[in-house]
Amino acid sequence: MDVHRLIAVSNREPYEHHREHGQLVCKRTDGGLTSALDPVLRRNGGTWIAWGSGPADREAVGADMSLEVPPESPTYRLRRVWLSQDEVQDGYRGYANQVLWPLCHITLDRITYLKAYWPAYRSVNLCFADAVLKELQRTPGPVWIHDFHLALLPALVKAAQPADPVFVFWHIPWPGPEVWHILPERREILRGLLAADRLIFQTHGHAEAFLQCAHDFLGAVVPATRDQVLYDGHDTRVIAHPISVDFQMFSEHARSEAVDRAKMDLRQRFGLRPGVRVGLGVDRLDYTKGLLKRLWALDTFFSQYSEYRGKFTFLQIAIPTRSELDAYQQYRDLIRETVEEINQRHVAQYAPATIESASWNPIELHEGRIGFDELVALYRMADLALVSSVYDGMNLVAKEYVSAQVGETGVLLISQMAGAAEELSGAIVINPYETERVAEAIKNALEMPRDERRRRMLRMRSYLSAHDVHAWVDRCLDETLTGTHR
Ligand code: G6P
(Lines give C-alpha, C1' and ligand atoms only; values in the text may rest on other atoms or scores of the structure.)
Protein backbone atom coordinates (compact mmCIF):
# COMPACT_ATOMS: atom_id res chain seq x y z
CA MET A 1 0.00 0.00 0.00
CA ASP A 2 1.47 3.34 -0.99
CA VAL A 3 1.09 5.33 2.20
CA HIS A 4 2.54 8.45 0.50
CA ARG A 5 -0.53 8.70 -1.73
CA LEU A 6 -2.95 8.14 1.11
CA ILE A 7 -6.24 10.02 1.00
CA ALA A 8 -7.34 10.35 4.64
CA VAL A 9 -10.92 11.49 5.17
CA SER A 10 -12.48 12.76 8.40
CA ASN A 11 -15.13 15.22 9.42
CA ARG A 12 -12.80 17.26 11.66
CA GLU A 13 -9.87 19.00 9.97
CA PRO A 14 -6.45 19.26 11.62
CA TYR A 15 -6.10 23.02 11.03
CA GLU A 16 -8.66 25.81 10.99
CA HIS A 17 -8.25 29.37 9.80
CA HIS A 18 -9.45 32.38 11.79
CA ARG A 19 -9.19 36.13 11.25
CA GLU A 20 -7.63 37.90 14.21
CA HIS A 21 -6.92 41.64 14.11
CA GLY A 22 -7.06 41.52 10.33
CA GLN A 23 -4.54 38.65 10.11
CA LEU A 24 -5.26 35.14 8.85
CA VAL A 25 -4.33 32.78 11.69
CA CYS A 26 -4.03 29.01 11.41
CA LYS A 27 -4.89 26.98 14.54
CA ARG A 28 -4.74 23.30 15.40
CA THR A 29 -8.03 21.66 16.29
CA ASP A 30 -8.82 19.41 19.27
CA GLY A 31 -9.59 15.76 19.75
CA GLY A 32 -7.86 12.41 19.57
CA LEU A 33 -8.50 11.88 15.87
CA THR A 34 -6.67 14.93 14.59
CA SER A 35 -3.88 14.78 17.16
CA ALA A 36 -3.11 11.17 16.17
CA LEU A 37 -3.40 11.52 12.39
CA ASP A 38 -1.54 14.79 11.92
CA PRO A 39 1.91 13.28 12.73
CA VAL A 40 1.14 10.44 10.31
CA LEU A 41 0.45 12.74 7.38
CA ARG A 42 3.31 15.00 8.41
CA ARG A 43 5.67 12.07 8.08
CA ASN A 44 4.23 10.39 4.98
CA GLY A 45 2.63 13.19 2.99
CA GLY A 46 -0.66 12.54 1.16
CA THR A 47 -3.98 14.34 1.25
CA TRP A 48 -6.44 14.87 4.10
CA ILE A 49 -10.03 15.67 3.16
CA ALA A 50 -12.09 17.29 5.91
CA TRP A 51 -14.86 19.78 6.60
CA GLY A 52 -13.68 23.38 6.41
CA SER A 53 -15.02 24.35 9.83
CA GLY A 54 -12.92 27.46 10.50
CA PRO A 55 -14.53 30.88 10.05
CA ALA A 56 -11.80 32.02 7.63
CA ASP A 57 -11.11 28.67 5.97
CA ARG A 58 -12.28 29.75 2.52
CA GLU A 59 -9.75 32.57 2.45
CA ALA A 60 -6.86 30.15 2.89
CA VAL A 61 -7.49 27.67 0.07
CA GLY A 62 -6.62 27.74 -3.63
CA ALA A 63 -8.98 27.07 -6.54
CA ASP A 64 -8.87 23.32 -5.83
CA MET A 65 -10.11 23.99 -2.26
CA SER A 66 -6.84 22.85 -0.77
CA LEU A 67 -3.74 24.18 0.93
CA GLU A 68 -0.45 22.79 2.13
CA VAL A 69 -0.08 22.17 5.88
CA PRO A 70 1.25 22.28 8.58
CA PRO A 71 1.75 26.02 8.22
CA GLU A 72 5.30 26.11 9.67
CA SER A 73 6.69 23.41 7.33
CA PRO A 74 4.16 22.02 4.87
CA THR A 75 4.31 18.31 4.11
CA TYR A 76 0.78 17.35 3.08
CA ARG A 77 -2.37 18.69 1.43
CA LEU A 78 -5.53 19.57 3.29
CA ARG A 79 -8.57 19.60 1.02
CA ARG A 80 -11.59 21.28 2.52
CA VAL A 81 -15.21 20.26 2.06
CA TRP A 82 -17.90 22.91 2.51
CA LEU A 83 -21.04 21.99 4.37
CA SER A 84 -24.26 23.99 4.40
CA GLN A 85 -25.72 25.33 7.66
CA ASP A 86 -28.35 22.59 7.64
CA GLU A 87 -25.73 19.93 7.10
CA VAL A 88 -23.72 21.22 10.04
CA GLN A 89 -26.77 21.71 12.26
CA ASP A 90 -28.68 18.53 11.50
CA GLY A 91 -26.03 16.23 10.06
CA TYR A 92 -22.98 16.94 12.24
CA ARG A 93 -24.50 18.41 15.42
CA GLY A 94 -27.70 16.42 15.08
CA TYR A 95 -27.23 12.91 13.73
CA ALA A 96 -23.49 12.54 14.42
CA ASN A 97 -23.27 14.23 17.83
CA GLN A 98 -26.73 13.78 19.30
CA VAL A 99 -27.56 10.35 17.95
CA LEU A 100 -24.50 8.30 16.97
CA TRP A 101 -22.13 9.66 19.62
CA PRO A 102 -24.34 8.97 22.67
CA LEU A 103 -25.54 5.71 21.12
CA CYS A 104 -22.01 4.36 20.61
CA HIS A 105 -21.01 5.49 24.10
CA ILE A 106 -24.16 3.89 25.55
CA THR A 107 -25.34 7.11 27.16
CA LEU A 108 -28.77 6.49 25.73
CA ASP A 109 -30.63 9.18 27.67
CA ARG A 110 -28.51 11.76 25.87
CA ILE A 111 -29.87 10.77 22.46
CA THR A 112 -32.02 13.39 20.78
CA TYR A 113 -33.51 12.06 17.59
CA LEU A 114 -35.18 14.36 15.06
CA LYS A 115 -36.44 13.36 11.61
CA ALA A 116 -34.43 16.08 9.89
CA TYR A 117 -31.13 14.64 11.13
CA TRP A 118 -30.84 11.58 8.92
CA PRO A 119 -31.28 13.28 5.50
CA ALA A 120 -28.73 15.89 6.57
CA TYR A 121 -26.29 13.17 7.64
CA ARG A 122 -26.70 11.53 4.22
CA SER A 123 -26.15 14.86 2.59
CA VAL A 124 -22.89 15.40 4.54
CA ASN A 125 -21.70 12.00 3.34
CA LEU A 126 -22.62 12.89 -0.26
CA CYS A 127 -20.55 16.10 -0.04
CA PHE A 128 -17.57 14.13 1.17
CA ALA A 129 -18.09 11.51 -1.58
CA ASP A 130 -17.96 14.25 -4.20
CA ALA A 131 -14.64 15.52 -2.80
CA VAL A 132 -13.13 12.03 -2.51
CA LEU A 133 -14.09 11.14 -6.09
CA LYS A 134 -12.60 14.38 -7.40
CA GLU A 135 -9.45 13.68 -5.43
CA LEU A 136 -9.22 10.14 -6.80
CA GLN A 137 -9.36 11.55 -10.33
CA ARG A 138 -6.58 13.96 -9.52
CA THR A 139 -4.23 11.59 -7.65
CA PRO A 140 -5.44 8.03 -7.12
CA GLY A 141 -4.51 6.42 -3.81
CA PRO A 142 -5.94 4.31 -1.01
CA VAL A 143 -8.88 6.01 0.71
CA TRP A 144 -8.90 5.87 4.50
CA ILE A 145 -12.15 7.05 6.07
CA HIS A 146 -12.28 7.94 9.76
CA ASP A 147 -15.03 7.78 12.33
CA PHE A 148 -18.75 7.84 12.84
CA HIS A 149 -19.55 11.00 10.87
CA LEU A 150 -18.90 9.22 7.58
CA ALA A 151 -20.48 5.78 7.86
CA LEU A 152 -22.19 6.03 4.47
CA LEU A 153 -19.10 7.19 2.61
CA PRO A 154 -17.51 3.79 1.88
CA ALA A 155 -20.57 2.70 -0.13
CA LEU A 156 -20.77 6.03 -1.96
CA VAL A 157 -17.11 5.85 -3.00
CA LYS A 158 -17.24 2.18 -3.94
CA ALA A 159 -20.36 2.65 -6.06
CA ALA A 160 -18.36 4.97 -8.31
CA GLN A 161 -14.88 3.47 -7.94
CA PRO A 162 -15.23 -0.22 -7.06
CA ALA A 163 -11.57 -1.04 -7.69
CA ASP A 164 -10.09 1.58 -5.36
CA PRO A 165 -9.20 0.28 -1.89
CA VAL A 166 -11.33 1.81 0.86
CA PHE A 167 -10.46 1.41 4.54
CA VAL A 168 -12.36 2.61 7.58
CA PHE A 169 -11.14 3.27 11.10
CA TRP A 170 -13.88 3.57 13.72
CA HIS A 171 -12.39 5.64 16.54
CA ILE A 172 -15.20 5.33 19.08
CA PRO A 173 -16.72 2.23 20.69
CA TRP A 174 -19.05 -0.03 18.70
CA PRO A 175 -21.70 -1.36 21.08
CA GLY A 176 -23.67 -4.59 20.69
CA PRO A 177 -26.89 -5.27 18.75
CA GLU A 178 -29.12 -4.58 21.77
CA VAL A 179 -27.94 -0.94 21.62
CA TRP A 180 -27.98 -0.54 17.82
CA HIS A 181 -31.49 -1.91 17.85
CA ILE A 182 -32.62 1.54 18.99
CA LEU A 183 -31.42 3.17 15.79
CA PRO A 184 -33.92 3.23 12.92
CA GLU A 185 -31.12 3.56 10.35
CA ARG A 186 -28.90 0.77 11.69
CA ARG A 187 -29.11 -1.23 8.44
CA GLU A 188 -28.15 1.74 6.26
CA ILE A 189 -25.18 2.44 8.54
CA LEU A 190 -24.05 -1.17 8.35
CA ARG A 191 -24.48 -1.32 4.56
CA GLY A 192 -22.52 1.88 4.17
CA LEU A 193 -19.61 0.51 6.17
CA LEU A 194 -19.67 -2.97 4.67
CA ALA A 195 -18.79 -1.60 1.25
CA ALA A 196 -15.28 -0.94 2.64
CA ASP A 197 -12.51 -3.45 2.06
CA ARG A 198 -11.26 -3.23 5.57
CA LEU A 199 -12.95 -2.07 8.73
CA ILE A 200 -10.73 -1.44 11.73
CA PHE A 201 -11.85 -1.05 15.34
CA GLN A 202 -10.00 -0.06 18.50
CA THR A 203 -10.58 -3.33 20.37
CA HIS A 204 -11.54 -6.93 19.69
CA GLY A 205 -14.69 -6.36 21.70
CA HIS A 206 -15.85 -3.61 19.33
CA ALA A 207 -14.94 -5.69 16.25
CA GLU A 208 -16.85 -8.65 17.63
CA ALA A 209 -19.91 -6.48 18.40
CA PHE A 210 -19.84 -5.23 14.80
CA LEU A 211 -19.78 -8.79 13.43
CA GLN A 212 -22.75 -9.59 15.61
CA CYS A 213 -24.68 -6.58 14.29
CA ALA A 214 -23.87 -7.43 10.65
CA HIS A 215 -25.16 -10.93 11.25
CA ASP A 216 -28.26 -9.98 13.25
CA PHE A 217 -29.47 -6.98 11.26
CA LEU A 218 -28.41 -7.85 7.69
CA GLY A 219 -28.14 -11.62 7.82
CA ALA A 220 -24.55 -11.20 6.61
CA VAL A 221 -22.25 -14.22 6.67
CA VAL A 222 -19.56 -14.17 9.33
CA PRO A 223 -17.14 -17.11 8.95
CA ALA A 224 -15.85 -18.96 12.01
CA THR A 225 -12.53 -17.09 11.80
CA ARG A 226 -14.53 -14.01 12.86
CA ASP A 227 -12.36 -11.62 10.92
CA GLN A 228 -14.53 -10.87 7.90
CA VAL A 229 -18.08 -10.26 6.74
CA LEU A 230 -19.51 -11.48 3.45
CA TYR A 231 -22.39 -9.34 2.32
CA ASP A 232 -23.94 -8.52 -1.02
CA GLY A 233 -21.11 -10.22 -2.94
CA HIS A 234 -18.44 -8.24 -1.11
CA ASP A 235 -15.89 -9.34 1.45
CA THR A 236 -14.99 -6.89 4.24
CA ARG A 237 -12.07 -7.68 6.51
CA VAL A 238 -12.94 -6.72 10.11
CA ILE A 239 -10.02 -6.33 12.47
CA ALA A 240 -8.89 -4.60 15.69
CA HIS A 241 -5.84 -2.32 15.83
CA PRO A 242 -5.74 0.19 18.67
CA ILE A 243 -4.68 3.69 17.63
CA SER A 244 -1.65 5.26 19.27
CA VAL A 245 0.45 8.42 19.57
CA ASP A 246 3.76 9.68 18.25
CA PHE A 247 5.77 8.32 21.17
CA GLN A 248 9.11 9.69 20.01
CA MET A 249 7.78 13.17 19.38
CA PHE A 250 6.31 13.39 22.89
CA SER A 251 9.39 11.89 24.52
CA GLU A 252 11.80 14.20 22.72
CA HIS A 253 9.71 17.26 23.38
CA ALA A 254 9.38 16.34 27.06
CA ARG A 255 13.18 16.71 27.35
CA SER A 256 13.28 20.14 25.70
CA GLU A 257 14.13 23.44 27.40
CA ALA A 258 10.81 24.89 26.29
CA VAL A 259 9.06 22.26 28.39
CA ASP A 260 11.32 22.92 31.39
CA ARG A 261 10.42 26.59 31.19
CA ALA A 262 6.72 25.80 30.78
CA LYS A 263 6.84 23.59 33.89
CA MET A 264 8.06 26.48 36.01
CA ASP A 265 5.52 28.88 34.54
CA LEU A 266 2.68 26.45 35.16
CA ARG A 267 3.58 25.87 38.81
CA GLN A 268 3.54 29.60 39.26
CA ARG A 269 0.33 30.12 37.34
CA PHE A 270 -1.53 27.50 39.36
CA GLY A 271 0.04 28.69 42.63
CA LEU A 272 1.61 25.31 43.36
CA ARG A 273 4.02 25.67 46.26
CA PRO A 274 7.16 23.49 46.17
CA GLY A 275 6.35 20.02 47.44
CA VAL A 276 2.66 20.11 46.48
CA ARG A 277 1.93 16.93 44.53
CA VAL A 278 0.01 17.21 41.29
CA GLY A 279 -2.75 15.14 39.71
CA LEU A 280 -3.80 15.78 36.13
CA GLY A 281 -6.83 15.40 33.91
CA VAL A 282 -6.85 16.56 30.29
CA ASP A 283 -10.15 16.12 28.50
CA ARG A 284 -12.53 17.65 26.06
CA LEU A 285 -15.49 18.81 28.13
CA ASP A 286 -17.49 15.79 27.07
CA TYR A 287 -19.91 13.82 29.23
CA THR A 288 -18.31 10.54 28.13
CA LYS A 289 -15.12 11.49 29.97
CA GLY A 290 -16.68 10.88 33.39
CA LEU A 291 -15.58 14.25 34.76
CA LEU A 292 -18.31 14.44 37.36
CA LYS A 293 -17.44 11.00 38.70
CA ARG A 294 -13.81 12.10 38.81
CA LEU A 295 -14.77 15.14 40.90
CA TRP A 296 -16.78 12.99 43.29
CA ALA A 297 -13.78 10.70 43.70
CA LEU A 298 -11.52 13.69 44.40
CA ASP A 299 -14.03 14.99 46.91
CA THR A 300 -14.04 11.62 48.69
CA PHE A 301 -10.24 11.52 48.52
CA PHE A 302 -9.85 14.88 50.28
CA SER A 303 -12.44 13.92 52.92
CA GLN A 304 -11.16 10.42 53.54
CA TYR A 305 -7.46 11.28 53.47
CA SER A 306 -7.58 14.80 54.82
CA GLU A 307 -3.81 14.77 55.44
CA TYR A 308 -3.54 15.52 51.70
CA ARG A 309 -5.29 18.86 52.06
CA GLY A 310 -2.73 21.48 51.18
CA LYS A 311 -0.38 18.81 49.82
CA PHE A 312 -2.07 17.69 46.62
CA THR A 313 -3.81 19.64 43.86
CA PHE A 314 -5.66 18.22 40.91
CA LEU A 315 -5.29 20.20 37.68
CA GLN A 316 -8.16 19.67 35.31
CA ILE A 317 -7.66 20.95 31.79
CA ALA A 318 -11.11 21.10 30.22
CA ILE A 319 -11.07 21.79 26.50
CA PRO A 320 -14.31 23.32 25.21
CA THR A 321 -16.05 21.12 22.68
CA ARG A 322 -19.39 21.01 20.80
CA SER A 323 -20.43 23.99 22.90
CA GLU A 324 -23.43 24.78 20.68
CA LEU A 325 -25.22 21.73 22.10
CA ASP A 326 -27.33 22.02 25.27
CA ALA A 327 -26.04 18.75 26.72
CA TYR A 328 -22.48 20.06 26.56
CA GLN A 329 -23.37 23.47 28.02
CA GLN A 330 -25.20 21.87 30.91
CA TYR A 331 -22.36 19.48 31.54
CA ARG A 332 -19.85 22.34 31.53
CA ASP A 333 -21.95 24.32 34.03
CA LEU A 334 -22.31 21.30 36.27
CA ILE A 335 -18.56 20.73 36.26
CA ARG A 336 -17.90 24.39 37.09
CA GLU A 337 -20.39 24.39 39.97
CA THR A 338 -19.16 21.09 41.37
CA VAL A 339 -15.52 22.19 41.33
CA GLU A 340 -16.43 25.41 43.10
CA GLU A 341 -18.48 23.64 45.73
CA ILE A 342 -15.78 21.01 46.42
CA ASN A 343 -13.07 23.65 46.61
CA GLN A 344 -15.02 25.84 49.02
CA ARG A 345 -15.82 22.97 51.35
CA HIS A 346 -12.30 21.55 51.59
CA VAL A 347 -10.59 24.91 51.78
CA ALA A 348 -12.92 25.85 54.66
CA GLN A 349 -12.05 22.65 56.50
CA TYR A 350 -8.34 23.06 55.95
CA ALA A 351 -6.50 24.79 58.75
CA PRO A 352 -3.11 25.85 57.46
CA ALA A 353 -0.26 26.61 59.82
CA THR A 354 0.88 29.64 57.84
CA ILE A 355 -0.86 32.21 55.70
CA GLU A 356 1.41 31.27 52.84
CA SER A 357 0.25 27.66 52.77
CA ALA A 358 -3.36 28.84 52.88
CA SER A 359 -3.40 29.54 49.15
CA TRP A 360 -4.36 26.02 48.27
CA ASN A 361 -7.10 24.75 46.02
CA PRO A 362 -7.97 21.04 45.83
CA ILE A 363 -8.96 21.34 42.18
CA GLU A 364 -7.73 23.87 39.65
CA LEU A 365 -10.07 23.92 36.68
CA HIS A 366 -8.59 25.42 33.55
CA GLU A 367 -11.15 25.79 30.80
CA GLY A 368 -9.65 26.37 27.39
CA ARG A 369 -7.07 25.05 25.02
CA ILE A 370 -3.43 24.85 26.03
CA GLY A 371 -0.31 25.01 23.89
CA PHE A 372 1.83 21.98 23.09
CA ASP A 373 4.73 23.02 25.37
CA GLU A 374 2.33 23.45 28.27
CA LEU A 375 0.56 20.17 27.58
CA VAL A 376 3.80 18.23 27.57
CA ALA A 377 5.01 20.13 30.66
CA LEU A 378 1.83 19.15 32.50
CA TYR A 379 2.31 15.52 31.52
CA ARG A 380 5.89 15.67 32.79
CA MET A 381 5.16 17.31 36.11
CA ALA A 382 2.02 15.36 37.06
CA ASP A 383 2.57 12.77 39.79
CA LEU A 384 -0.50 11.03 38.49
CA ALA A 385 -2.88 11.27 35.56
CA LEU A 386 -6.48 10.25 35.97
CA VAL A 387 -8.64 9.04 33.07
CA SER A 388 -12.17 8.27 34.23
CA SER A 389 -14.18 7.90 31.00
CA VAL A 390 -17.49 6.12 31.33
CA TYR A 391 -16.80 4.74 27.85
CA ASP A 392 -14.00 5.65 25.47
CA GLY A 393 -12.83 4.16 22.17
CA MET A 394 -9.17 4.51 23.17
CA ASN A 395 -8.26 7.69 25.14
CA LEU A 396 -5.05 9.05 23.72
CA VAL A 397 -4.40 11.33 26.70
CA ALA A 398 -3.39 8.18 28.60
CA LYS A 399 -0.87 7.28 25.91
CA GLU A 400 0.40 10.84 25.61
CA TYR A 401 0.98 11.00 29.37
CA VAL A 402 3.08 7.84 29.29
CA SER A 403 5.01 9.06 26.23
CA ALA A 404 5.90 12.34 27.94
CA GLN A 405 6.80 10.73 31.29
CA VAL A 406 10.52 10.66 30.58
CA GLY A 407 11.30 10.93 34.29
CA GLU A 408 9.31 7.69 34.86
CA THR A 409 7.91 8.91 38.16
CA GLY A 410 4.22 9.32 37.35
CA VAL A 411 1.35 6.89 37.81
CA LEU A 412 -1.47 6.42 35.33
CA LEU A 413 -4.96 5.67 36.61
CA ILE A 414 -7.25 4.62 33.82
CA SER A 415 -10.88 3.63 33.54
CA GLN A 416 -11.60 0.02 32.67
CA MET A 417 -14.03 1.47 30.11
CA ALA A 418 -11.28 3.12 28.02
CA GLY A 419 -9.75 1.09 25.17
CA ALA A 420 -6.24 2.05 26.32
CA ALA A 421 -6.72 0.12 29.59
CA GLU A 422 -6.41 -3.13 27.60
CA GLU A 423 -2.90 -2.27 26.47
CA LEU A 424 -1.33 -0.19 29.23
CA SER A 425 -0.54 -2.95 31.68
CA GLY A 426 1.46 -0.73 34.03
CA ALA A 427 -1.54 1.47 34.81
CA ILE A 428 -3.86 1.24 37.81
CA VAL A 429 -7.20 0.30 36.32
CA ILE A 430 -10.20 1.93 37.98
CA ASN A 431 -13.96 1.65 37.68
CA PRO A 432 -15.22 5.26 37.52
CA TYR A 433 -18.50 4.22 39.15
CA GLU A 434 -16.72 3.07 42.34
CA THR A 435 -16.11 6.48 43.88
CA GLU A 436 -14.47 5.32 47.12
CA ARG A 437 -12.19 2.86 45.32
CA VAL A 438 -11.06 5.59 42.92
CA ALA A 439 -10.27 7.80 45.93
CA GLU A 440 -8.27 4.94 47.41
CA ALA A 441 -6.46 4.41 44.09
CA ILE A 442 -5.42 8.08 44.08
CA LYS A 443 -3.96 7.66 47.55
CA ASN A 444 -2.19 4.44 46.54
CA ALA A 445 -0.74 6.14 43.48
CA LEU A 446 0.62 8.99 45.61
CA GLU A 447 2.15 6.57 48.09
CA MET A 448 3.49 4.05 45.60
CA PRO A 449 7.23 3.43 46.09
CA ARG A 450 9.52 5.02 43.52
CA ASP A 451 10.74 1.63 42.22
CA GLU A 452 7.29 0.36 41.50
CA ARG A 453 6.26 3.58 39.75
CA ARG A 454 9.35 3.37 37.63
CA ARG A 455 8.82 -0.31 36.78
CA ARG A 456 5.23 0.31 35.74
CA MET A 457 6.04 3.39 33.70
CA LEU A 458 8.99 1.70 31.96
CA ARG A 459 6.80 -1.23 30.97
CA MET A 460 4.25 1.09 29.36
CA ARG A 461 6.90 3.25 27.72
CA SER A 462 8.58 0.27 26.17
CA TYR A 463 5.22 -1.01 24.91
CA LEU A 464 4.31 2.37 23.38
CA SER A 465 7.69 2.88 21.75
CA ALA A 466 7.01 -0.29 19.74
CA HIS A 467 3.27 0.37 19.31
CA ASP A 468 3.27 4.01 18.27
CA VAL A 469 1.02 5.71 15.76
CA HIS A 470 3.35 4.97 12.85
CA ALA A 471 3.36 1.25 13.63
CA TRP A 472 -0.43 1.49 13.86
CA VAL A 473 -0.67 2.95 10.34
CA ASP A 474 1.65 0.28 8.95
CA ARG A 475 -0.45 -2.45 10.48
CA CYS A 476 -3.79 -0.93 9.47
CA LEU A 477 -2.70 -0.60 5.85
CA ASP A 478 -0.65 -3.80 5.67
CA GLU A 479 -1.66 -5.63 2.49
CA THR A 480 -0.69 -9.04 3.81
CA LEU A 481 -2.97 -8.72 6.80
CA THR A 482 -5.42 -11.53 7.17
CA GLY A 483 -6.55 -11.93 10.77
CA THR A 484 -7.47 -9.95 13.87
CA HIS A 485 -3.82 -9.32 14.73
CA ARG A 486 -2.63 -6.85 17.26
C1 G6P B 1 -13.69 12.33 19.20
C2 G6P B 1 -14.11 11.79 17.87
C3 G6P B 1 -13.48 12.56 16.72
C4 G6P B 1 -13.76 14.05 16.91
C5 G6P B 1 -13.29 14.51 18.29
C6 G6P B 1 -13.59 15.99 18.54
O7 G6P B 1 -12.34 12.09 19.43
O8 G6P B 1 -13.78 10.42 17.77
O9 G6P B 1 -14.01 12.14 15.49
O10 G6P B 1 -13.11 14.79 15.91
O11 G6P B 1 -13.94 13.74 19.26
O12 G6P B 1 -14.96 16.26 18.37
P13 G6P B 1 -15.49 17.27 17.28
O14 G6P B 1 -16.98 17.13 17.31
O15 G6P B 1 -15.00 18.61 17.70
O16 G6P B 1 -14.89 16.89 15.95
Self-check item: Charge dipole (debye, nearest 20) of the chain; +1 at Cβ of Lys and Arg, -1 at Cβ of Asp and Glu
Solution: 580
Practice problem: Give me the number: length gained by fully extending residue 126 to residue 109, i.e. 0.36 nm times residue separation minus the C-alpha to C-alpha distance, one decimal in nm. | Solution: 3.2 nm
Exercise. For helix 435-447, report the angle its Cα long axis makes with the longest principal axis of the Cα atoms of the chain; keep it between 0 and 90° and round to the nearest 10°.
Key: 70
Quiz prompt | Degrees between helix 372-381 axis and first principal axis of the chain (Cα, 0 to 90, nearest 10) | solution = 50
Quiz item: Under a straight-distance cross-link criterion of Cα-Cα below 13 Å, which aspartates and glutamates are reachable from residue 443, leaving out those fewer than 8 residues away in the same chain?
Solution: 299, 307, 383
Quiz item: Taking only DSSP H segments of four or more residues, each worth -39500 (n - 2.57), what value at 222 nm results for the chain once the sum is divided by all its residues, to the nearest 500 deg cm²/dmol?
Solution: -12500 deg cm²/dmol
Self-check item: Where 409, 321 fall by accessible area, highest first, once all protein chains stay in place (1.4 Å)
Solution: 409, 321
Exercise. Give the peptides 54-60, 172-178 in descending order of average Cβ contacts within 10 Å, highest first.
Key: 172-178, 54-60
Quiz prompt | Area of residue 324 that stays accessible when all protein chains are in place (1.4 Å probe, Å², to 10) | solution = 100
Quiz item: Which loop-located chymotrypsin sites (Phe, Trp or Tyr not before Pro) does the stretch 395-486 contain, where loop means any DSSP state but H, G, I, E or B and the Cβ has at most 16 other Cβ atoms within 10 Å?
Solution: 433
Practice problem: Report, to the nearest whole %, how much of the accessible area of the chain belongs to carbon and sulfur atoms, 1.4 Å probe, protein only. | Solution: 49
Quiz item: Among 390, 435, 375, whose Cα sits farthest toward the positive end of the charge dipole of the stretch 247-466 (+1 at Cβ of Lys/Arg, -1 at Cβ of Asp/Glu, about the Cα centre)?
Solution: 375
Self-check item: Förster radius 56 Å - calculated FRET efficiency between residue 59 and residue 267 (Cβ-Cβ, nearest 0.05)
Solution: 0.90
Quiz item: How high is the FRET efficiency between residue 116 and residue 437 when r is their beta carbon distance and R₀ equals 45 Å, given to the nearest 0.05?
Solution: 0.55
Quiz prompt | Amide N proximity, the stretch 244-263 versus residue 72 label position 7 Å along Cα-to-Cβ, cut-off under 19 Å | solution = 246-263
Practice problem: Could you state the angle between the C-alpha long axis of helix 204-218 and the longest principal axis of the C-alpha atoms of the chain, as a value from 0 to 90 degrees rounded to the nearest 10? | Solution: 40
Quiz item: Length gain on complete extension for the stretch residue 160 to residue 311, per 0.36 nm per residue less the alpha carbon to alpha carbon distance?
Solution: 48.1 nm
Quiz item: If packing is taken as the mean number of other Cβ atoms within 10 Å per residue, what is the order of 209-221, 67-79, highest first?
Solution: 209-221, 67-79
Quiz item: Using the beta-carbon distance between residue 82 and residue 351 and R0 = 60 Å, what value does 1/(1 + (r/R0)^6) give for FRET efficiency, to the nearest 0.05?
Solution: 0.50
Quiz item: Where both residues lie in the chain, what percent of DSSP beta bridges are antiparallel, nearest 5?
Solution: 25
Self-check item: Segments 420-429, 249-258 sorted - mean Cβ within 10 Å per residue, highest first
Solution: 420-429, 249-258
Self-check item: With all protein chains modelled, accessible area of residue 247 [1.4 Å, Å²]
Solution: 30
Practice problem: Pull out the extension gain between residue 258 and residue 341, defined as 0.36 nm times the separation in residues minus the alpha carbon to alpha carbon distance; nm, one decimal. | Solution: 26.4 nm
Exercise. With label points built 7 Å along Cα→Cβ from the Cα atoms of residue 304 and residue 188, find their separation and express it in nm.
Key: 4.8
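The values are calculated or read from the model by the stated rules, or taken from the named source; none is laboratory data. Everything quoted here is computed from the prediction, not taken from an experiment. Every residue, glycine as well, gets a Cβ built from its backbone with ideal geometry; the counts of neighbours run over all protein chains shown. All accessible areas refer to the heavy atoms of the entire protein, side chains included, with ligands and DNA or RNA removed. Shrake-Rupley method; radii C 1.70, N 1.55, O 1.52, S 1.80 Å.
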